[in-house]
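Heads up: the structure comes next, in structure tokens.
The values are calculated or read from the model by the stated rules, or taken from the named source; none is laboratory data. These numbers were taken from a predicted model, which means no experiment stands behind them. Heads up, the Cβs are rebuilt from the backbone with ideal geometry, glycines too, and the neighbour counts pull from every protein chain shown. Side chains included, ligands, DNA and RNA excluded: accessible areas come from the protein's heavy atoms. Shrake-Rupley method; radii C 1.70, N 1.55, O 1.52, S 1.80 Å.
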Amino acid sequence: MNRTKFIGIAGGSIIATLVTSYLLSDRSNLLRKDLKLINSNNATFKPDENEILHLASLAPSGHNTQPWFVQYLEPYNWIIGNDKSKWLPAVDPTQRETILSIGAFIQNLEYAASSMGYICHWTLLAKTNQDEQVVKVKLNKIESKNPFDISKIKDRRTVRSNFLNDELKTEDLQYLTNSEPEFIHYLPTISKEGQFINEQTMVANRLQTYRDPAQQELADWIRFSTKDADKYRDGLTTASMEIEGFSGWVVRNFYDKENVMKKDFREVGLNKVKQQVSESAGWILITSRDNSVATLLETGRRMQRLFLKVREKNIAIHPMTQILEEPATNEMLNKSIGIGENIQFILRAGYLKNYPPSVSLRRPVEWFLRS
Ligand SMILES: Cc1cc2nc3c(=O)[nH]c(=O)nc-3n(C[C@H](O)[C@H](O)[C@H](O)COP(=O)(O)O)c2cc1C
């Protein structure tokens, strides 16, 4: 064999090996549309119960932990529970955000039930954010007059990048806040208060990124590989973190929890936050009168009602809760922006040119249903 022929064969086999390795690697993001709806094995469990609870579970939650469970009492009679194993002690030590997320779940449940002709009767059970049993719900069949459009529940998603800087139009803002202006505050980016939230979001993210327990907790909820994403169906995936293309491929195939704790990963994250903060129309703050379980649930519901309205106006919402989670920034927030009530949500808002589909994963109903 001459030299040229040898180089040709060797080069060919290297390319073949590279192509095969690539083909065998973790090549694409696992998306919500890739998951099949699993029907429960429970014979008494009706298909529309499964559908209602699946739609409820499309609610947002911090790190997508999905901190709820459903105790099945009898058909159309359930207890909605708080799943302790899904808490985020490092960033949410009082389970405030857990209860807000369960509030969003409850709002979705009520809308989904209404779309199938049921009215919900709720009984509050929890006295603290830590109680396992949160609310009891009974669904009764009614003549549905104004069923909710469930495509809004399916299409809702958190968007984190490519916000436009255009101000929110007055009519859009009115549509978003019309029925509950008392607890929804809009701070345009160009305002002094909006600028303050921009700066403090950076400060809080820096504090949190270098607080090891918080960073470790984040690492524990990142599903790096498709295998893990499919196994757990929760947490943050490359798709939901909007890490696309080659970067996504690198993260899926070569990253693990240890990388998250390294300085360069933390700094890349902070640069991403800097970019995000530079893109927005402004901030929407959701407040409440007190911090009781009932009020937090209602505030989670209020946030979800708003979240379900934004897509039709081409508006994206990105909860950025670090200011509230870091004591040093939380302490001076109210005074600095002149809001007296309890601030429960800080949402970055802005128009999008292209609205991406919903991609974050959810556990099948079967996995969070308890008998
Ligand atoms: C109480 C709460 C706090 C959240 N905090 C943040 C946050 O600080 N940063 C962020 O990027 N997303 C945050 N999110 C959004 C979740 O990460 C998101 O809802 C989850 O990953 C599921 O994705 P989806 O909203 O697209 O369905 C928060 C959501 C809730 C309900």
Residue tally, condition assigned to a loop (DSSP other than H, G, I, E, B) and either open to solvent by less than 20 Å² (accessible area, probe 1.4 Å) or in the same structural domain as Ser61 (by TED's automatic domain parsing) (or both), over segment 340-352 = 1
If we scan segment 99-120, do we find a residue that is in a loop (DSSP other than H, G, I, E, B), under 22 Å from Phe345 (Cβ atoms) and open to solvent by less than 50 Å² (accessible area, probe 1.4 Å)?
-> no
Could you tell me whether segment 226-234 includes any residue that is within 13 Å of Leu88 (Cβ to Cβ), crowded, with 17+ Cβ neighbours inside 10 Å, within 16 Å of the chain's Cα centre (by Cα) and modelled with pLDDT of 95 or more?
-> yes
Go through the residues of segment 134-142 one by one and say whether even a single one is part of a loop (DSSP other than H, G, I, E, B) and either open to solvent by 50 Å² or more (accessible area, probe 1.4 Å) or touching a Gly at 6+ places or on another chain (Cβ under 9 Å) (or both).
-> yes
Only one of Lys257, Lys262, Lys313, Lys274 is in contact with an Asp or Glu (Cβ under 6 Å, 6 or more places away or on another chain), more than 13 Å from the ligand (Cβ to nearest atom) and open to solvent by 50 Å² or more (accessible area, probe 1.4 Å); which?
-> Lys313
Can you pull out the residues in segment 169-216 that are acidic (Asp, Glu) and over 17 Å from Ile339 (Cβ atoms)?
-> Glu171, Asp172, Asp212
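Criterion first (open to solvent by 70 Å² or more (accessible area, probe 1.4 Å), within 15 Å of the ligand (Cβ to nearest atom) and outside any helix (DSSP H, G or I)) does Asn146 satisfy it?
No; evaluated as a whole, the condition is false for this residue.
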Residues in segment 166-181: is at least one at negative phi, within 16 Å of the ligand (Cβ to nearest atom) and touching a residue at least 60 places away in the same chain (Cβ under 8 Å)?
-> no
Filter result (of a type in the set (A, V, I, L, M), touching a His at 6+ places or on another chain (Cβ under 9 Å) and over 16 Å from Met202 (Cα atoms)) within segment 314-357 | Ile337, Ile339, Ile343, Ala349
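Hey, can you tell me all the residues within segment 43-74 that are part of a loop (DSSP other than H, G, I, E, B) and either crowded, with 22+ Cβ neighbours inside 10 Å or modelled with pLDDT of 95 or more (or both)?
Ser57, Leu58, Ala59, Pro60, Ser61, Thr65, Gln66, Pro67
Residue by residue, here is whether (1) in contact (Cβ under 8 Å) with a residue 40 or more places away in the chain; (2) more than 13 Å from the ligand (Cβ to nearest atom) holds:
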site: Pro75; (1), (2): no, yes
site: Asn82; (1), (2): yes, yes
site: Asp92; (1), (2): yes, no
site: Gln95; (1), (2): no, no
site: Leu100; (1), (2): yes, no
site: Ser114; (1), (2): no, yes
site: Gly117; (1), (2): no, yes
In segment 275-294, residue farthest from Val134 (Cα to Cα) [restricted to those that are among the charged types (D, E, K, R) and more than 20 Å from the chain's Cα centre (by Cα)] = Arg289
When residues of segment 306-328 are limited to those that are part of a helix (DSSP H, G or I) and within 24 Å of Leu88 (Cα to Cα), the one farthest from the chain's Cα centre (by Cα) = Ala328
